[in-house]
Amino acid sequence: MPGAQASFACCDRCAKLSTDRPATPAGSGSAATVARRRLLKAAVSRRVASSEFSPAAGEADLEPSVPVSAQGADFPDVAQQPRTVWGTVYDVSPHVLVIGDVGREQRFILTPDAVAWRGHQVEPAALSHGDNVIIRLHPGHRDVADRIWANIGRVTGVITERSGGTLTVDEGTTRGPQVITLHPSAVGRIQVRFPTLEPGYLVDIIGLREGEELIGMIPATSQPGYPADRLPALPLTTGRVTGAISGSATWHEPRGEPPGVLGVDYPALDPETGCAEEAATGSRDGYARLPYMAIGSVLRVRNECTGLDCLVPVTGCASIARLFNDRCVTCGISARGRIADLTLASFISLGGELERGCFNVTVTIGE
């Protein structure tokens with residue numbers, strides 16, 4: 001990661017990634033479909049850099065996420081921007097990680113400083129054949145792995161059912177119900193921060209993805225002390241919404257969107273866009289004062305912990321994020337409220353560590 005604070009543009013490739021390998025949403029009117037259509041339209045209307053990144057032969061299915069500078073903007077060399085690659089572990093040794101399949105593979109050098117996460121921090125050589133991995137490449141070195149996450153997943157929403165150590169969670173209309181099974185060794189740690197694992201309460205847990213089930217390992221935040229249908233009153237405020245808004249940024253799994261897309265789910269979409277959904281507890285404004293935005297709008301998101309910032313388009317709804325009035329404490333204490341739910345690629349590109357769950361962020365509107 002570069003040490004100096006810098007600005008980067010990393011949204012110009014989003015429309016291309018969104019159409020390279022289209023997902024199969026549940027219906028033509030889903031938020032993911034609307035996001036891709038409007039994002040493509042927005043991309044056509046903007047001046048985009050003429051030199052798009054093209055994967056080398058045999059790499060098209062490994063989903064590299066590479067930012068491209070906006071034409072005419074004064075941005076540093078994009079080789080400094082953290083980049084991500086998705087794949088399946090084919091082979092691993094103390095010095096080399098191979099992802100892909102026979103005849104279609106990609107090799108990455110493992111330096112002594114490289115670390116991996118698979119429920120907890122492990123040596124990269126401890127990864128297993130068949131693990132689904134997200135690799136953050138070393139800045140400036142396309143063939144060197146800096147950080148690896150294996151089988152990581154996250155579920156954020158309202159508990160609708162509990163049976164022993166298994167929770168069913170409503171993540172919102174566009175994402176559907178998810179199942180969390182608490183790992184026996186993690187139950188105590190999770191319940192310290194989520195003491196009320198009962199229907200109607202909010203939950204946000206990171207763990208290992210096993211098919212449709214998440215094995216819960218880490219509490220991503222502290223549980224709000226209220227049930228989701230009895231949110232506390234918002235603080236009284238006056239005046240206009242400022243152009244720069246502070247709060248916390250989180251990440252979500254790629255459901256209904258290509259894994260390498262760079263974008264952000266926004267908690268305050270204009271209801272007229274057709275994408276704003278009713279959360280399990282009904283519609284309401286979030287804890288942060290946010291102006292309404294439309295799908296395809298471009299925001300500047302700055303990670304206050306790393307100093308990296310990035311232009312990203314609004315690609316979906318973040319209705320569940322509106323229900324959380326928590327703070328991120330990755331570096332200091334953020335303002336209250338979740339104001340950006342980033343895609344995996346965007347979160348990593350801004351220097352985020354997936355197992356940390358969040359970072360302190362400033363979102364600038366209208367740049």
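The values are calculated or read from the model by the stated rules, or taken from the named source; none is laboratory data. Keep in mind the model is a prediction, meaning the values are calculated, not measured. Neighbour counts run over all protein chains shown; Cβ positions are idealised from the backbone, glycine included.
Mind checking whether some residue in the range 162-172 is more than 24 Å from Arg322 (Cβ to Cβ) and not in a loop (DSSP other than H, G, I, E, B)? Lay out the reasoning, then the answer.
Of the residues in the range 162-172, the ones more than 24 Å from Arg322 (Cβ to Cβ) are 163-166.
Still in the running and not in a loop (DSSP other than H, G, I, E, B): 163, 166.
Checking the range 162-172: at least one residue is more than 24 Å from Arg322 (Cβ to Cβ) and not in a loop (DSSP other than H, G, I, E, B).
Between Gly164, Gly157, the distinction of being within 30 Å of Gly200 (Cβ to Cβ), modelled with pLDDT under 95 and under 22 Å from the mean Cα position of the chain (by Cα) belongs to Gly157 only. Residues in the range 216-240 that are exposed (fewer than 14 other Cβ atoms within 10 Å of the Cβ) and modelled with pLDDT under 75: Pro232, Ala233, Pro235, Leu236, Thr237, Thr238, Gly239, Arg240. The combined condition, being under 20 Å from Leu208 (Cβ atoms), β-branched (Val, Ile, Thr), at pLDDT 95 or above and in a strand (DSSP E or B), is fulfilled by Val89. Return yes when Ile245 is under 20 Å from Thr330 (Cα atoms), modelled with pLDDT of 85 or more, in the same structural domain as Cys328 (by TED's automatic domain parsing) and part of a strand (DSSP E or B) and no when it is not. So Ile245 passes the test. Residues that are buried (at least 16 other Cβ atoms within 10 Å of the Cβ) and touching a residue at least 40 places away in the same chain (Cβ under 8 Å) within the range 132-148 comprise Asn132, Val133, Ile134, Ile135, Arg136, Leu137, Ala145, Asp146, Arg147, Ile148, listed in sequence order. Figure legend. Inter-residue proximity from the range 217-230: first residues under 27 Å from Gly119 (Cα atoms), second residues in a loop (DSSP other than H, G, I, E, B), beta-carbon distance below 6 Å, spacing 6+ or different chains. Indicated pairs: Met217/Gly119; Met217/His183; Pro219/Phe194; Ala220/Gly357; Thr221/Asp326; Gln223/Phe194.
Conditions tested, residue by residue: (1) part of a strand (DSSP E or B); (2) of a type in the set (Val, Ile, Thr).
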position	(1), (2)
Arg136	yes, no
Arg147	yes, no
Gly157	yes, no
Thr174	no, yes
Pro195	no, no
Gly200	no, no
Arg209	yes, no
Gln223	no, no
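Give me a count of the residues in the range 191-215 that are over 24 Å from Pro254 (Cβ atoms) and surrounded by 14 or more Cβ atoms within 10 Å (Cβ to Cβ).
Within the range 191-215, the first condition is being over 24 Å from Pro254 (Cβ atoms), and the residues that meet it are 191-201.
Filter once more, keeping what is surrounded by 14 or more Cβ atoms within 10 Å (Cβ to Cβ): 191, 193-194, 196-197, 199-201.
Counting residues in the range 191-215 that are over 24 Å from Pro254 (Cβ atoms) and surrounded by 14 or more Cβ atoms within 10 Å (Cβ to Cβ) gives 8.
Could you tell me whether any residue of the range 305-322 is surrounded by fewer than 19 Cβ atoms within 10 Å (Cβ to Cβ), touching a residue at least 12 places away in the same chain (Cβ under 8 Å), charged (D, E, K, R) and not assigned by TED's automatic domain parsing to the domain that holds Asp170? Give the derivation first.
Residues of the range 305-322 surrounded by fewer than 19 Cβ atoms within 10 Å (Cβ to Cβ): 307.
Subset that is touching a residue at least 12 places away in the same chain (Cβ under 8 Å): 307.
Narrowing further to those that are charged (D, E, K, R): none.
The answer is no; no qualifying residue exists.
Table: residues versus (1) within 19 Å of the chain's Cα centre (by Cα); (2) closer than 19 Å to Thr330 by Cα.
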{"position": "Leu182", "(1), (2)": "no, no"}
{"position": "Ser185", "(1), (2)": "no, no"}
{"position": "Arg189", "(1), (2)": "no, yes"}
{"position": "Leu197", "(1), (2)": "no, no"}
{"position": "Leu208", "(1), (2)": "yes, no"}
{"position": "Pro219", "(1), (2)": "yes, yes"}
{"position": "Ser222", "(1), (2)": "yes, yes"}
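Go through the residues of the range 178-187 one by one and say whether even a single one is in a strand (DSSP E or B), at pLDDT below 95, crowded, with 23+ Cβ neighbours inside 10 Å and of a type outside the set (S, T, N, Q). No, there is no match, as no residue in the range 178-187 is in a strand (DSSP E or B), at pLDDT below 95, crowded, with 23+ Cβ neighbours inside 10 Å and of a type outside the set (S, T, N, Q). Scanning the range 75-86 for residues that are surrounded by 14 or more Cβ atoms within 10 Å (Cβ to Cβ) and farther than 17 Å from Gly352 by Cα, we see that the one that is modelled with the highest pLDDT is Val78. Looking across the range 304-329, the residues that are at pLDDT 90 or above, within 16 Å of the chain's Cα centre (by Cα) and of a type in the set (Val, Ile, Thr) come down to Val312, Val314. Summed over the range 136-149, residues that are under 15 Å from the mean Cα position of the chain (by Cα) and modelled with pLDDT of 95 or more total 1. Applying a threshold of 7 Å to beta carbon distances and a minimum spacing of six or more residues, or different chains, the list of pairs starting in the range 178-190 at a residue that is outside the structural domain of Ile159 (by TED's automatic domain parsing) and ending at one that is among the aliphatic types (A, V, I, L, M) is empty.
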